[in-house]
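Worksheet: the structure to be examined is printed underneath.
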Amino acid sequence: MSNLVPVAEALEALFALVAPLETEEVPLITAAGRVLAHDAVAARTQPPFAASAMDGYAVRAEDGAAGLTLDVVGESAAGHGWDGIVHPGQAVRIFTGAPVPEDAGTVVIQEDVTRSGDRITLVETTAPGANIRPEGNDFKIGDRMSAPRVLSPADVALAASMNLPMLSVYRRPRVALIATGDELVMPGETPAPDQIIASNSFGLKALFESAGAEVRLLPIAPDTSEGLAAVLDLAGDADMVVTIGGASVGDHDLVARVAGDLGLERAFYKIAMRPGKPLMCGRFGAALLIGLPGNPVSSMVCGTLFVVPALRALQGLPAEARAQRAGKLARPLGKNGPREHYMRAQLTWRDSIAWIDPAPRQDSGLMSVLALADCLLVRAPHADPAAEGADVAYIPL
């Protein structure tokens, strides 16, 4: 096992090949899910005026005492403020979000008054400043929403409130995805007795797109040097080329040799992990090439642990491994082998503690098991047997 690269070392080598892509300006309406490249700077103060937080009556600060009777002299509504001055003994009917009139120092909620015609009587005392959102209470001109960050719906709403119609974001990484092997046919086709469906491509495409990439699914590459070279040539201007299968050592595993003939500068090959040992990475012209294993689970796990962090780094996010969290083991496990093991598992919460239940079957060909998993239980190389309730690390999926 001495020639296998530890996961942490492989990630370090991978990140050494990755630099953030260029930035672009996009309309706010399309910015959700993109990575903010430069701080968004507020062009407006919010609220831009002192605003009422409730429906009620705006009065002077000293006129909020129970028992006072006040004259209603106007009305302030959202989008239709009242531009007069509130004098002693006066009140202005006001609605939520409306500007608080000049010299009004508190808002008495409507439930705390009785009204007769144009006069109100306060039945409860309201403290000065109550029910008023001060000008700039949310943010002021020049305040910042920091980059880099994946823009959430709330971030987009904040940028809109800042009056920013455009945002600077990192360009989406372009990924060319290539499945290899004569045994593969596309979903919906009729496979020969010795063929299978190319499932990995679709799962990986969805995974990479969820990480912000633009993914092109290229034709299945046949098990010939010429055929694989022709498909690799279709990658064009991709920032990343991801191959599936063909990265092992069999007679029909051609990716390393063919890509090498085409200029691949290999950074590492074969990882001390399971599933996913036959993983390869290197510089392929202007692109990054990652050769994933062909086994369905292996390719999805390696895509999660290696490709997704690389895609995030290309978009200006921190170059870091998937975060591991602490939990408790839900069933006993035997001693682990010499490779770091990422076990498909299910997570349940009991008394605010994450309990991790590894699937009984961990074969790397079982996609049905992966589909039921919501986390990966991480076991260190040569880990001792673990009893139920032992501390474990896991990665949410």
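The values are calculated or read from the model by the stated rules, or taken from the named source; none is laboratory data. All figures in this text were calculated on a predicted structure; none of them were measured in a lab. Cβ coordinates were reconstructed from backbone atoms using ideal geometry, including for glycine residues, and neighbour counts include every protein chain displayed. Quick note on the areas: whole protein, heavy atoms, side chains included, nothing else; ligands and nucleic acids left out. Shrake-Rupley method; radii C 1.70, N 1.55, O 1.52, S 1.80 Å.
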Qualifying positions in the stretch 12-36 - over 18 Å from ASP155 (Cα atoms) and in contact with a Pro (Cβ under 7 Å, 6 or more places away or on another chain): LEU21
Candidate set from the stretch 129-142 (those that are assigned to a loop (DSSP other than H, G, I, E, B) and among the hydrophobic types (A, V, I, L, M, F, W, C)); member that is least open to solvent (accessible area, probe 1.4 Å): ALA130
Contacts under 6 angstrom Cβ, first residue in the stretch 179-190 being open to solvent by less than 70 Å² (accessible area, probe 1.4 Å), partner in a loop (DSSP other than H, G, I, E, B) and among the β-branched types (Val, Ile, Thr), 6 or more apart: ALA179/ILE220; LEU184/ILE220
Residue tally, condition under 15 Å from ILE120 (Cβ atoms), open to solvent by less than 50 Å² (accessible area, probe 1.4 Å) and either assigned to a strand (DSSP E or B) or of a type in the set (A, V, I, L, M, F, W, C) (or both), over the stretch 57-70: 5
Selected residue [in contact (Cβ under 8 Å) with a residue 60 or more places away in the chain and touching a strand residue (DSSP E or B) at 6+ places or on another chain (Cβ under 9 Å)] from HIS87, HIS38: HIS38
Flag for SER168 being open to solvent by less than 10 Å² (accessible area, probe 1.4 Å), touching a strand residue (DSSP E or B) at 6+ places or on another chain (Cβ under 8 Å) and hydroxyl-bearing (Ser, Thr, Tyr): no
Qualifying residues in the stretch 27-56 (those that are under 30 Å from ARG115 (Cβ atoms) and touching a helix residue (DSSP H, G or I) at 6+ places or on another chain (Cβ under 7 Å)) - the one surrounded by the fewest Cβ atoms within 10 Å (Cβ to Cβ): ASP55
Within the stretch 150-165, considering residues that are outside any loop (DSSP other than H, G, I, E, B) and out of contact with any helix residue (DSSP H, G or I) (no Cβ under 8 Å at 6 or more places or on another chain), the one least open to solvent (accessible area, probe 1.4 Å): ASP155
Breaking point among (1) in contact with a helix residue (DSSP H, G or I) (Cβ under 7 Å, 6 or more places away or on another chain); (2) part of a loop (DSSP other than H, G, I, E, B); (3) open to solvent by less than 60 Å² (accessible area, probe 1.4 Å), for PRO20: (3)
Cross-chain or 6+ apart pairs with Cβ under 9 Å, the stretch 257-281 first and free of Cβ contacts under 8 Å to residues at least 12 places away in the same chain, then surrounded by fewer than 18 Cβ atoms within 10 Å (Cβ to Cβ): GLY260/ARG266
Residue match in the stretch 245-261 (condition: basic (Lys, Arg), open to solvent by 50 Å² or more (accessible area, probe 1.4 Å) and either out of contact with any Ser or Thr (no Cβ under 8 Å at 6 or more places or on another chain) or within 24 Å of SER199 (Cβ to Cβ) (or both)): no
GLY260 vs. criteria under 27 Å from PRO148 (Cβ atoms), assigned to a helix (DSSP H, G or I) and not hydrophobic (A, V, I, L, M, F, W, C): no
Residue match in the stretch 258-276 (condition: under 27 Å from the mean Cα position of the chain (by Cα), under 22 Å from ALA19 (Cβ atoms) and not aromatic (Phe, Trp, Tyr)): no
Subset of the stretch 92-128 (residues that are open to solvent by 40 Å² or more (accessible area, probe 1.4 Å) and either touching a helix residue (DSSP H, G or I) at 6+ places or on another chain (Cβ under 7 Å) or among the small types (Gly, Ala, Ser) (or both)): SER116, GLY117, VAL123, GLU124, ALA127, PRO128
Test: residue in the stretch 213-225 that is part of a loop (DSSP other than H, G, I, E, B), of a type outside the set (Phe, Trp, Tyr) and exposed (fewer than 15 other Cβ atoms within 10 Å of the Cβ): yes
Selection from the stretch 71-102 of residues that are within 23 Å of PRO48 (Cα to Cα), in a loop (DSSP other than H, G, I, E, B) and either at pLDDT 95 or above or of a type in the set (Gly, Ala, Ser) (or both): ALA78, GLY79, GLY81, TRP82, GLY84, VAL86, PHE95, THR96, GLY97, ALA98, VAL100, PRO101
Sole residue being in contact (Cβ under 8 Å) with a residue 12 or more places away in the chain, assigned to a loop (DSSP other than H, G, I, E, B), on the phi < 0 side of the Ramachandran plot and open to solvent by less than 20 Å² (accessible area, probe 1.4 Å), chosen from ALA147, ALA235: ALA235
